[in-house]
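Asks: This is the structure I have questions about; it appears just below.
The values are calculated or read from the model by the stated rules, or taken from the named source; none is laboratory data. Remember, it's a predicted structure, so these values are computed and weren't measured experimentally. Glycine also receives a Cβ, built like all others from the backbone with ideal geometry; neighbour counts cover every protein chain displayed.
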Amino acid sequence: MTQQTVLNAAHRALGAKMVDFGGWDMPLNYGSQIDEHHAVRRDAGMFDVSHMTVVDLRGARTRDFLRHLFANSVDKLKVPGKALYSCMLNEQGGVIDDLIVYFLAEDFFRVVVNAATHDKDLAWIEKQAKAFAVTVTERADLAMIAVQGPNARAKVQSLLSSATREKAAKIGKFVACEGDGLFIARTGYTGEDGYEIIVPEAQAVALWDKLLAAGVKPAGLGARDTLRLEAGMNLYGQDMDETITPWEAGLAWTVVLDAGRDFIGRAALEEHKAAGTGRAMVGLVMDDKGVLRHGQRVVTAQGDGEILSGTFSPTLGRAIAFARVPAGTADRAEVDIRGKRVPVRVVKYPFVRDGKPIEAA
Amino acid sequence: MNEIPGDLKFMKSHEWARVEDNGTVTIGISDHAQGLLGDLVYVELPTVGDDVTAGNACAVVESVKAASDIYAPVSGKVVSVNSALAEKPETINEDAFGEGWIFVVKPSNLAEDSEELLDPDAYAELIENEEH
């Protein structure tokens with residue numbers, strides 16, 4: 001059974017090509033995903049991300065609960081509205097999901113998790129929450145629109161009441177504010193500035209239409225994937241899963257081994273680190289023609305690896321990928337594309353930031 | 001959906017073939033196929049002089065989304081390739097039945113190979129059924 005977001009009819013009216021994504025009927029593109037990609041890099045685009053799961057956590061011990069549940073430390077969240085990216089791990093240190101958590105009050109945090117992992121995430125959170133007497137409420141009544149690009153904030157602000165506009169204009173990166181019935185967060189999944197707006201379903205179509213009228217270009221999952229990969233952001237299920245620790249998923253920066261905090265998976269992570277992580281996630285750029293794809297074999301002097309996310313980068317005009325390769329891989333490798341070994345450069349990512357290619361890419 | 005030109009024949013795998021006045025056969029992919037693939041970013045052309053066999057893969061088109069083999073609708077020798085596609089693969093998205101042609105063969109067994117191909121009506125019916 002395929003689920004639909006409240007914006008489904010709006011997508012179809014715009015001529016979207018729809019696909020199944022994690023059980024949801026979502027727009028892949030509205031014509032050209034490359035045009036949509038460039039619109040986000042150069043101006044402003046919007047994505048319906050209402051399929052993602054918003055979960056509200058309430059209770060006096062919510063912060064303690066999240067110190068236990070997440071590998072990143074919610075102790076970094078000191079000012080209400082502040083957001084944090086984190087992994088949620090199992091006891092083996094494998095990634096159950098990656099997510100964003102917002103600190104709203106000492107007894108109220110909000111978490112946004114992936115759509116494809118909805119069932120297992122909720123089951124896990126509910127199970128762990130019992131010991132802390134935290135109430136877990138899924139907010140299926142909320143839709144979400146991500147507005148991204150160098151002109152995204154200005155276009156959103158032009159639609160807000162003056163009081164809300166003032167708040168939205170002031171918030172820094174990875175901070176949220178509320179107003180006009182909206183939850184407005186300066187976060188995203190594209191490497192551009194912008195907002196992710198959580199909106200009651202009843203207001204969502206009107207907001208979408210106002211954004212359209214303000215010149216924000218609708219963009220589908222196709223552009224969302226090329227944008228996030230250029231920006232060096234992981235996709236759950238493709239770049240990491242429950243069998244991979246953050247150490248081998250390029251997510252060490254999200255793990256805080258602070259004194260005295262016993263988060264789920266910590267012991268396994270420390271063991272894995274001490275034993276040495278055999279593999280690393282790297283970026284690949286291919287200067288020859290062709291496209292790097294998920295599952296292709298990467299041949300290095302240290303042994304074989306594989307491509308996790310691979311695509312054609314519209315900003316760079318060549319193929320880019322994330323690959324998991326033996327640790328210590330040098331700056332050159334080859335990829336097996338339909339039986340042919342094609343040379344690739346091993347680079348640090350992101351490949352693109354704020355609309356500009358990064359030097360090494 | 002563009003109109004399907006009446007002078008084309010089709011494979012079930014969405015290649016089209018047009019017999020030219022000089023007896024050669026021009027080959028491309030259908031407008032329906034480019035729509036399924038999405039934005040094309042790379043075309044691997046056959047080489048002029050290659051012998052191709054009806055039903056065998058002889059070229060590759062890649063979109064952002066997927067790579068897809070192109071099968072030869074008829075057997076013969078490749079006499080021309082659309083080298084402009086190397087720089088502008090999106091031409092196939094823009095004009096699949098015209099400027100987006102991929103290669104031309106001098107057929108060796110045209111009468112027999114043609115019997116395996118679909119006429120425009122049969123092809124239209126095929127893609128109609130695919131969509132439901």
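Asks: If you scan region A:63-79, which residues turn out to be of a type outside the set (S, T, N, Q), within 15 Å of A:PHE174 (Cβ to Cβ) and in a loop (DSSP other than H, G, I, E, B)?
Replies: Listed by number, the residues that qualify are A:LEU77, A:LYS78, A:VAL79.
Asks: Considering each residue of region B:70-91, count those that are without any contact (Cβ under 8 Å) to a residue 24 or more places away in the chain and closer than 24 Å to B:VAL19 by Cα, and give that number. Steps first, please.
Replies: If we filter region B:70-91 for residues that are without any contact (Cβ under 8 Å) to a residue 24 or more places away in the chain, which is where we start, we get B:84, B:87-88, B:91.
Retained after the next criterion (residues that are closer than 24 Å to B:VAL19 by Cα): B:84, B:91.
Residues meeting the conditions: 2.
Asks: Now for a separate question. Given region A:1-58, what strands (runs of 3 or more DSSP E) lie entirely inside it while holding 2 or more residues that are touching a helix residue (DSSP H, G or I) at 6+ places or on another chain (Cβ under 6 Å) and of a type outside the set (A, V, I, L, M)?
Replies: Working: elements: A:17-21, A:24-29, A:45-48, A:53-58.
Per the criteria, A:24-29, A:45-48.
Asks: Scan the helices (runs of 4 or more DSSP H) fully inside region B:4-100 and keep the ones with 3 or more residues being within 29 Å of A:VAL19 (Cα to Cα) and within 14 Å of chain A (Cβ to nearest Cβ). Break it down stepwise before answering.
Replies: Numbers: elements: B:31-37, B:84-87, B:91-94.
Correct list: B:31-37, B:91-94.
Asks: Within region B:96-113, can one find any residue that is more than 25 Å from A:PRO314 (Cβ to Cβ), out of contact with any helix residue (DSSP H, G or I) (no Cβ under 9 Å at 6 or more places or on another chain) and of a type in the set (Asp, Glu)?
Replies: Taking every residue of region B:96-113 in turn, at least one turns out to be more than 25 Å from A:PRO314 (Cβ to Cβ), out of contact with any helix residue (DSSP H, G or I) (no Cβ under 9 Å at 6 or more places or on another chain) and of a type in the set (Asp, Glu).
Asks: Here's a follow-up. From (1) surrounded by fewer than 20 Cβ atoms within 10 Å (Cβ to Cβ); (2) within 14 Å of chain B (Cβ to nearest Cβ), pick out the condition that doesn't hold for A:ILE320.
Replies: Unmet for A:ILE320, out of (1) surrounded by fewer than 20 Cβ atoms within 10 Å (Cβ to Cβ); (2) within 14 Å of chain B (Cβ to nearest Cβ): (1).
Asks: Moving on. Say whether the condition of being in a helix (DSSP H, G or I) and closer than 25 Å to A:ARG67 by Cβ is met by at least one residue in region A:219-241. Don't jump to the end; show me each part of the working.
Replies: Step one: list which residues in region A:219-241 are in a helix (DSSP H, G or I), which gives A:221-230.
Checking which are closer than 25 Å to A:ARG67 by Cβ leaves us with none.
No; the residues of region A:219-241 include none that is in a helix (DSSP H, G or I) and closer than 25 Å to A:ARG67 by Cβ.
Asks: Still on this structure, please answer the following. Scan region A:309-360 for residues that are touching a Pro at 6+ places or on another chain (Cβ under 8 Å), over 18 Å from A:ALA39 (Cβ atoms) and in a loop (DSSP other than H, G, I, E, B) and report the count.
Replies: Number satisfying all stated conditions: 2.
Asks: Turning to a different aspect of this structure: Return yes or no: is B:LYS77 buried (at least 20 other Cβ atoms within 10 Å of the Cβ) and either charged (D, E, K, R) or closer than 16 Å to A:GLY290 by Cβ (or both)? Quick ask: steps written out before the conclusion?
Replies: Working: buried (at least 20 other Cβ atoms within 10 Å of the Cβ): no; either charged (D, E, K, R) or closer than 16 Å to A:GLY290 by Cβ (or both): yes.
So B:LYS77 does not fit the description; no.
Asks: Further, regarding this structure: Pairs only if they're at least six apart or on different chains, beta carbon under 8 angstrom, first in region A:213-226 and on the phi > 0 side of the Ramachandran plot, second at pLDDT 95 or above; list them, first residue then second.
Replies: Qualifying pairs under 8 Å: A:GLY215/A:ASP43; A:GLY215/A:ALA44; A:GLY215/A:LYS155.
Asks: Moving on to the next point. So which residues in region B:101-126 are over 15 Å from B:ASN56 (Cβ atoms) and in a helix (DSSP H, G or I)?
Replies: B:LEU110, B:ALA111, B:GLU112, B:SER114, B:PRO120, B:ASP121, B:ALA122, B:TYR123, B:ALA124, B:GLU125, B:LEU126 - these are the residues of region B:101-126 that are over 15 Å from B:ASN56 (Cβ atoms) and in a helix (DSSP H, G or I).
Asks: Same structure again: Among the candidates A:LEU292, A:LEU229, A:LEU251, which residue alone is in contact (Cβ under 8 Å) with a residue 40 or more places away in the chain, assigned by TED's automatic domain parsing to the domain that holds A:GLU192 and under 22 Å from the mean Cα position of the chain (by Cα)?
Replies: On the way: A:LEU292 fails: assigned by TED's automatic domain parsing to the domain that holds A:GLU192; A:LEU251 fails: assigned by TED's automatic domain parsing to the domain that holds A:GLU192.
After applying the criteria, what remains is A:LEU229.
Asks: What are the residues in region A:133-182 that are more than 18 Å from the chain's Cα centre (by Cα) and assigned to a strand (DSSP E or B), if any?
Replies: If the condition is that a residue be more than 18 Å from the chain's Cα centre (by Cα) and assigned to a strand (DSSP E or B), then A:THR135, A:VAL136, A:THR137, A:GLU138, A:LEU142, A:CYS177, A:GLU178, A:GLY179, A:LEU182 are the ones that fit.
Asks: If you don't mind, there's one more thing I want to ask. Pairs only if they're at least six apart or on different chains, beta carbon under 7 angstrom, first in region A:50-71 and among the hydroxyl-bearing types (Ser, Thr, Tyr), second surrounded by fewer than 18 Cβ atoms within 10 Å (Cβ to Cβ); list them, first residue then second.
Replies: A:THR53/A:GLU138; A:THR62/A:ASP107; A:THR62/A:PHE108
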